[in-house]
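Encoded as structure tokens, here's the structure I'll be asking about.
Any read-out appearing in this document is the output of simple, stated calculations on the displayed coordinates, not a laboratory observation. Remember, it's a predicted structure, so these values are computed and weren't measured experimentally. Here Cβ is always computed from backbone atoms with ideal geometry, including for glycine, and neighbour counts include all displayed protein chains.
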Amino acid sequence: MPYEIKNGNIDAKGTDGKKKSFNKQAVDAIIGECKRRGVTNKYIIAGILATVSKESGFVPQNENLNYSAEGLRKIFPSYFGGKNTKPGTNANDYAKKPEKIANYVYGPPRGGHKNPGDGWKYRGRGFNQITFKGSYEKYGKNIPGLVENPDLLNQVGPAAVSCVAFYVEGDFKSTKRIKSKFGKSSVNDFNDWNQALLCIINMTAGFGNGTTDEVVRYNYDKAKICHGFLIEYLEKNPQGTTAPPPDNTSNVDNKAQEQQNQDQAAQQSNDTQQNDTSSDSGSSNNSPNNGQPIKNLTQFFAPSLAPKELNFDSGETGKNDKEKVSKQLGYMPFIWYNGFQIAYQDISKFSLYHKGMLPVVEMTFIDTQGVLREDGFPHDDTIISIYLNSKSLNLRSIHMDFKILDFKDNGSNSYTVVGICDIPQIYLKKFSSYNGKTSHEALQEVAKQVGIGFCSNIQNSDDKMTWINTGFKIIEFIENIIGNSYVSETSFQYCYVDFYYNLCYMDLNKEMERDVTNDKQVVGFGYKFLDGKEENPDTDEETIDLILTNEKTAKESIAFFSTFELVNKSTRVSLDKSYRTRSKFYDTISKELLVFDVESQTSDGSKSIILKGASNDDKFFQDNTSNIWIGKQDMYDDGKGNVHKNYNYSVSQNRINLDDITKISCKLHLPNNNFNLYIYQKVPIYFMPQKETPTIKNSVYKRISGDWLITNIGFEFEGGKSHQVVTAVKRELSILPEEQGESKPRSNSNANNNENNVNELSPNDQAAPEPTSNQPSQSTVQPQSTPSVIDKETASQYKLDYILGAEAFKDNNKKVRKLVGLDGVAVDEVVAVAYLKMKEAANKEGIKISITSGFRPAYGPNLTAKTEKGKTIKITTQEYLYNGWIAKKPGFNLAAAPGQSNHGNGIALDLTTGSRKKRSLNSSVYKWLVNNSWKFGFVRAVKTEEWHFEYKPDKAKLGPYALISSSESNLFFSDLGLNNIKVA
């Protein structure tokens, strides 16, 4: 990968196609400092250089703590609402106040700090953001005066010294970890570029201290962008130079250095803005969403493709006049075509929207300059540029180029143009293969290849296979991948290219279930400067709750829509697409013909009307099934097969759910363009009657108001006025308050419907016989229930988070269970308290345990519930697991018949022991549980399952063998000393 030296910089292109320019003095100083500290291995040195290129671009700088209130809650959750929050703390009081933020989140006693101002004084600096006084002391032993003057880390020399010290005095000493993870005795033993880089990335993350493999992989991929040409430079310049000594002459010089560094960083960072209207400025992200769990649409990487710059003569001479013209540009559609502007006064009609996955533009205009029949006549691949101003400092404006697809001369100098977004590579036909990747990973690779960014609301998908493009256009290949993608048993996906050149991969069900109560929108009218009141970029713009409404009092608001259209095509969709799909395929590996029923996602029906047929017509509901033949397929298993393990289900699951959500739709007309909105965003919409009538007396249409999912956003201009058209869908209608308690409409009645083929829980209880026509119902099952007797004091002590609507959860004996959410599953409250006591004891001995499965209702569809603290808990039924095993579905294991498992009585827990048979046994966890669980009332209860424990305190007093004898065949392994435990 070639590079060149220009003006003291190393210039080259990274693997992402973008130009990089790094300070040669900084690179040489790090190389030289490595050699001085005894780091002689070139592979490791290259890894450090690549990591610094990702972290800071070789520009030492201060940590930017200029976060908004929302950013603070996201980046420092434990200090703004979490366990470390001080009484009376409000994020709004700290927003956009970097010094105050630092002194709070980094203040005493953290990091060796003793004085109130130490948090700000010892905030992150240097090449790799050294933070806290203790770290300045540890890594700055060879930097005279650093503790007294921490700004020295923003000079190249001290930054290089502290950067190398971070590794040499840190994880380079962790020889056992290096040996265990990479098979090397020390860092100087590496002989592979990529393995050495992966080692440095792991060390930067603290060898995985709470850091996921996905985060490490993400940072590795970012570092690889510049790894190649940095290796080439290192090979030619192996000695580097001695790091220049610190210049401790004055604080003013340090401030000047800091400003120079910030200017350098700003020059390097010319990427397109991320597709996240709530993003905050702060220190460099090490992963999407700063390594935090992804909750909504988040950018993974920015596009390298960009529209052409718009340069034109404004006709104004004064600087202020030009700035004012620039700021007003795009308030009305700004159209640039073949070197001239089509004035908005000449536009008869303009529309920017999505057609399928791609943005398109349609416009009719008058050619007042008379050039379109001559020099302006479009050629092959002629481009038209569009610019729409967001009128906000925090919301991105739209600037996009379009290829002209259709050009029509209407006569009388009127023309109509239709264009599609200009992403040249996406329309090419290619032969390509993406081996052993998930759909999420494959689409990221495709996005990089065509030059667009990538955004998603999930970390990854669960559909690893070899994705092959057999000569289709890349956009068609993208459609094929997303159509066959699989995330989870409740998910369905779609993707699109937004107005900012990002491919957006969305789990729609996750977004539809997301809590949007606290979502905000920027008002963003942007007219202040016209009155001489210049906007201050350091001042937060006004925000309001994210809603859309036609309430007259909101007429001047960004949230207002003036008119709306409602469409209900529920019956048509049901007749055309059916209520469920039965898919069939032949698995050549197992030599089986497999049949699966798939039904679209719904709620439990307690608060909504599920649109699946008349409530009194079960026969038509059961009979209305589409049949499809998927073909011959080989399941992906350890690299084998042409499809992923859930492929057969994903084909039908994505299709039927995408069809089903279109039953109820609305089209809103917003007089003010709202740039807060994006496609596949959940947003509350409230429809208000415009006047009271004898039949309409409520202030809101409660049946149709509520959460909707945006499916298209259009920007239109006609008659000299701009407006926005938002299309949204609603999966279910709301139940009115007076209807609460009435018989519920139909939910997913078939236990197999709407679930995937992988049992994400541990294998279940002892096998049950094949079902027969006289299979026992719940009422015939003998109860083994534990009473609910937890008092408020105990509940508060153990912070029990109760599941709402507990009257819906009945055990095998039809007794209501009072459940709490724990480790992401439902657990009986009494069992939960006992488990938490046991977990606390295990933690004290360094043993980490958690629950994979708790309470399971015997019959019915799988459930999704909310806790008092707003967490989502998914509850799997025994019927679903049993039917999956009987049908021999891939991923399903032996399961008890409905009503025969003690999971249905609330006393059984599956714990994270793993399984020796499956080569996943966690010996330390299993050994601890067998030796100690009985002291807390839990004992093993299934001979063939290490993970299955039941809460039977009376029996447990007898010890670990209270229910199962202590034999090797019963999985009390002698090599772990579990077959001869003495009970005092």
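Residue by residue, what Karplus-based ³J(HN,Hα) values in Hz, rounded to whole numbers, does region 110-125 have, using 6.51, -1.76 and 1.60 with θ = phi - 60° and x for Gly and Pro?
4, x, x, 7, 10, 9, x, x, 5, x, 6, 4, 10, 6, x, 8
As an exercise, use a Förster radius of 41 Å and the Cβ-Cβ distance of E542 and S348 to find the FRET efficiency, rounded to the nearest 0.05. Provide the component values of the computation, followed by the final result.
Details: r = 35 Å, r/R0 = 0.85.
Working from the Cβ atoms, E equals 0.70.
Which entries in the list K792/K869; K682/K799; K917/K955; K176/K837; K24/K121 go over 23 Å, if you measure between the two C-alpha atoms of each?
K682/K799; K917/K955; K176/K837; K24/K121
By how many nm would the segment from A841 to F472 grow when fully extended, if each residue of separation counts as 0.36 nm and the alpha-carbon distance is taken off? Walk me through the numbers on the way to the answer.
Working: separation 369, 0.36 × 369 = 132.84 nm, distance 5.83 nm.
Length gained between A841 and F472: 127.0 nm.
Report, by chain and number, residues whose modeled amide H sits under 5 Å from the one on K13, excluding near sequence neighbours (fewer than 5 apart, same chain).
Here K20 satisfy the definition.
From the cross-link list K86/K133; K54/K510; K181/K935, which pairs have alpha carbons spaced over 26 Å apart? List each step's numbers first, then the result.
Working: K86/K133 22 Å; K54/K510 31 Å; K181/K935 36 Å.
The pairs that break the limit, which is 26 Å between Cα atoms, are K54/K510; K181/K935.
Percent relative contact order of region 72-128, based on C-alpha pairs within less than 8 angstrom and at least six residues apart?
Values: 49 pairs, mean separation 12.2, N = 57.
After rounding, I find 21 percent.
Also, I was wondering about something else. For Cα pairs less than 8 Å apart in space and 6+ apart in sequence, what is the mean separation divided by the residue count of region 854-984, i.e. the relative contact order in percent? Intermediate results must be reported in sequence, preceding the final value.
Details: 219 pairs, mean separation 22.4, N = 131.
Answer for region 854-984 is 17 percent.
When the Cα atoms of region 455-514 are enclosed in a convex hull and the volume is divided per residue, what value in Å³ results? If you can, show how the numbers build up before the last one.
On the way: hull volume 5.4 nm³, N = 60.
With only Cα atoms used, region 455-514 gives 90 Å³ per residue.
Longer than 30 Å from Cα to Cα, which of K437/K889; K437/K866; K814/K874 are they? Say none if no pair is.
Values: K437/K889 23 Å; K437/K866 33 Å; K814/K874 20 Å.
Where the Cα-Cα span goes over 30 Å, the pairs concerned are K437/K866.
Quick query: amide H of T298 versus all other amide H atoms, modeled in the peptide plane; which residues come in under 5 Å with a sequence gap of 5 or more or a different chain?
Under 5 Å from the amide H of T298: S456, N457.
Which cross-chain or sequence-distant (5 or more) residues have an amide H under 5 Å from the amide H of Q900, H modelled 1.01 Å from N in plane?
Excluding prolines and chain starts, which carry no amide H, there are no hits.
Using a ≥ b ≥ c from the Cα gyration tensor of region 96-144 (square roots of the eigenvalues), is it rounded, prolate or oblate, where a/c under 1.5 gives rounded and otherwise the larger of a/b and b/c decides, a/b for prolate?
On the way: a/c = 2.56, a/b = 1.50, b/c = 1.70.
Note, shape of region 96-144 comes out oblate.
Tell me, what is the percent relative contact order of region 334-487, built from C-alpha pairs under 8 Å that lie six or more residues apart?
Details: 258 pairs, mean separation 27.9, N = 154.
Computed value for region 334-487: 18 percent relative contact order.
Separation between the Q369 and N90 pseudo-spin-labels, each 7 Å from Cα along Cα→Cβ, expressed in nm?
Taking the two extended label points, one gets 5.4 nm.
What distance in nm separates the simple spin-label points at I5 and K702, each placed 7 Å from Cα in the Cβ direction?
About 7.7 nm, to one decimal.
Please label the shape of region 409-532 as rounded, prolate or oblate, based on the square roots a ≥ b ≥ c of the eigenvalues of the alpha-carbon gyration tensor (a/c under 1.5 means rounded; beyond that, a/b larger than b/c means prolate, else oblate).
Values: a/c = 2.44, a/b = 1.22, b/c = 2.00.
Note, shape of region 409-532 comes out oblate.
Taking θ = phi - 60°, what integer Hz values does the Karplus form 6.51 cos²θ - 1.76 cosθ + 1.60 yield along region 56-72, in sequence order, with x for Gly and Pro?
Once rounded to whole Hz, the list reads 9, x, 6, 10, x, 7, 6, 5, 8, 10, 7, 8, 7, 4, 5, x, 5.
Per-residue HN-Hα couplings for region 447-452, Karplus 6.51 cos²θ - 1.76 cosθ + 1.60 at θ = phi - 60°, whole Hz, x for Gly and Pro?
4, 4, 5, 9, x, 9
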